[in-house]
Amino acid sequence: MTRFWFHLFWLPRLYIIKGRGLRAMRARLARLRMVNRRVMQSVITSQVAADQMEEQHRRIREAMDLRRVANALDDLWVLDCLFEVENDPLMRTAFQRINSQNPGRRNTPSTFTGGRRRRPSLP
């Protein structure tokens, strides 16, 4: 008789306890899944942000390289124009006449009065 009474007493409580444990386990697993999902999303977003930063860094570096090449070409063009002006006989005589009219300029270097210059080479 006592056996039957304990059976009736404990049986519903066991299901309730088991149900609570299952519910708690499911809740823990749901929380873990949610945390794992958030972590994976943050990892994915940080990877995307890192890729975008690398792409932007590459574009900036390419633009800087293009500017550096353009500046070098501009410098060569200016030197080439100066070379042509210095070696032009009409310009040379004109500058010599101008320098001969200004005898008071002693400390300033005379412009275009030296020998012929060579064309600048590529760096």
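Every read-out reported here was derived from the displayed coordinates using simple, explicitly stated rules and does not represent laboratory data. Not measured: the values here are computed from a predicted model. Cβ coordinates were reconstructed from backbone atoms using ideal geometry, including for glycine residues, and neighbour counts include every protein chain displayed.
Just how large is the dipole of the stretch 19-86 about the Cα centre, in debye to the nearest 20, putting +1 at every Lys and Arg Cβ and -1 at every Asp and Glu Cβ?
Charge dipole, the stretch 19-86, about its Cα centre: 2100 debye, nearest 20.
With each label point set 7 Å from Cα along the Cα-Cβ vector, what nm distance links Thr93 and Leu73?
In this crude spin-label approximation the distance works out to 3.7 nm.
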